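The values are calculated or read from the model by the stated rules, or taken from the named source; none is laboratory data. Please read all numbers here as calculations on a predicted model, not as lab measurements. Methodologically, a virtual Cβ is constructed for each residue, glycine included, from the backbone with ideal geometry; neighbour enumeration extends over all protein chains shown. Heavy atoms of the whole protein, side chains included, go into the accessibility calculation; ligands, DNA and RNA do not. Shrake-Rupley method; radii C 1.70, N 1.55, O 1.52, S 1.80 Å.
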Amino acid sequence: MLAVSALVEGRDRVEVAALFKVSVKAVDNWWAKWQAGGRDALLSRPRGRRVGEHQVLSEAEQAAVRQAVLDHVPSDVGLSGQLWTRGQIGELVFKLYGVRFTEPGVGKYLKRWGLTFQRPDKRAVEQDAEAVRVWHEETWPAIRARAKAENGEVLFGDQVGVRSDQVTGRTWGAKGTTPIVRRTGNRFSVNAMSAISTRGRMHFMVFTESFDAKVMCRFLVRLVGHFDRKIHLIVDRHSAHRSKTVRAWLADHQDQIELHFLPSYSPELNPDELVNADLKRSLPHTHRARNQAELAAETRRFFHRRQRQPHIVRGYFGGPHVRYVLDENPLSF
């Protein structure tokens, strides 16, 4: 623009080239562009090929590879393992179309396809997809409707164990040097049972013995004591939940509480699993327990803190796999 301005003022092209330390040919090119298209013609343009131009794979081939990565694991298509890497995606492309790519080349395609390197969710191979569908489309809506008709309360419950040797967490340190954190070498554990509602309510019980039918009944007794209406408690299919002892207790309290069971091997459908994950993430920041009693006390403190934070409890229901609880029933609870 400065060179063209100088030419417009009447300066000689050779003088302008010397002034701006460029070739006379460059000045001639700028002047020709200015005369042909004005200021817009002088704007810089990205150099090189346009994105997507002269790609080795066609749009249809790219779409097929992308969908294969999304819908299958490597072992489904004759490769090894359960997790996709750039190398394996390159092998898939070679297997399908006979084209070899470097890993950086595969990475460019993946970025263009909107795919990122992520830690996957785990699913049990024993999970029954049809049972999950029935839960979403039939069982859960029926539970919700019954609870609404009875003016009842829906709670999701689960049990969790915390061990002294798993409460470690992470800290910063010098590269190549592992930081050292002093903690007890003794091994001990505590267990907890909790139940949450979309209202933001949380009820819990911390105990040191193994989780069995007697402990479950004790939790149910405490739970019904907090409500003056019927509870619909949704839990997994743990043997203690379905034991004769629990069934007998429920039969004597059928006007106060009813148990409903999630599909087998489907913990992702239970929002209370997110409470367990939150507990195990939170304890490392405060964990100083030297014995079982101290660990139990710290676990209770976590649950008491969450009871005073109903917005966090309600947030557990916002997880991608449990949002169905809110989406299908946004007004009832």
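Modelled label positions at Lys95 and Gln254, each set 7 Å beyond Cα in the direction of Cβ, lie 5.5 nm from each other.
Would you list Thr178, Thr139 from the most to the least accessible area, probe 1.4 Å?
On the way: Thr178 120, Thr139 55 Å².
Sorted by accessible area, descending: Thr178, Thr139.
For the chain, the solvent-accessible area works out to 62 Å² per residue, with a probe of 1.4 Å and every protein chain left in place.
Number of Lys-Lys pairs in the chain with C-alpha atoms under 28 Å apart and a separation of 8 or more places or on different chains: 14. Run the accessible area of the chain with a 1.4 Å probe and give the carbon-and-sulfur part as a rounded percent. Of all accessible area on the chain, carbon and sulfur atoms account for 51 percent. Extension gain for Arg300-Ser5 works out to 98.6 nm (0.36 nm per residue, less the C-alpha to C-alpha distance). Label zone (Lys175, point 7 Å along Cα-to-C-beta; backbone nitrogen cut-off 14 Å) within the range 82-99: none. Note on Ser44 and Leu19: the model spin-label points, each 7 Å out from Cα along the C-beta direction, lie 2.2 nm apart. The GNM of the chain, with springs linking C-alpha atoms under 10 angstrom apart, assigns the highest mean-square fluctuation among Phe94, Phe156, Phe317 to Phe94. At a Förster distance of 25 Å, what's the computed FRET efficiency of Tyr265 paired with Ala293, Cβ-Cβ distance as r, to 0.05? Computed FRET efficiency for Tyr265 and Ala293 comes out at 0.15. If you take P(r) over Cα pairs in 10 Å bins from 0, in percent from the coordinates, which of [x] 4, 17, 19, 16, 15, 10, 7, 6, 4, 1, 0; [y] 5, 19, 25, 25, 17, 6, 2, 1, 0; [z] 5, 24, 31, 23, 10, 4, 2, 1, 0 do you get? Read-out from the structure maps to [x].
For the range 288-319 and the range 215-236, write down the distance between their C-alpha centroids in whole Å. After rounding, the separation between the Cα centres reads 19 Å. A simple count of charges around Asp255, restricted to other residues whose Cβ falls under 12 Å of its Cβ and scoring Lys, Arg +1 and Asp, Glu -1, yields -2.
Dividing the Cα radius of gyration of the range 225-267 by 2.2 N^0.38 Å, with N the residue count, gives 1.22. For the chain, the relative contact order comes to 15 percent (Cα pairs under 8 Å, sequence separation of at least 6). Computed from the Kirkwood radius of its Cα pairs, the Stokes-Einstein diffusion coefficient for the range 1-152 at 37 °C and 0.692 mPa s stands at 150 µm²/s. The Cα atoms of the range 250-293 define a convex hull whose projected area, averaged across directions, is 5.8 nm².
The slack in the chain from His226 to Gln35, taken as 0.36 nm per residue of separation less the alpha-carbon distance, amounts to 60.4 nm. Spacing of the modelled spin labels on His311 and Asn151, each 7 Å from Cα toward Cβ, amounts to 3.1 nm.
Distance from a point 7 Å along Cα→Cβ of His72 to each backbone N in the range 126-150: keep the residues under 14 Å and list them by number. Zone members listed by number: none at all. Out of Arg290, Arg13, Arg112, any idea which swings most in a Gaussian network model of the chain, alpha carbons joined below 10 Å? Looking only at Arg290, Arg13, Arg112, the largest GNM fluctuation is found for Arg13. Let me know the shape class of the range 219-333, please: from the alpha-carbon gyration tensor, a ≥ b ≥ c as square roots of the eigenvalues, rounded when a/c is under 1.5, otherwise prolate if a/b is greater than b/c, or oblate. Oblate, since a/c reaches 1.5 and b/c is not below a/b.
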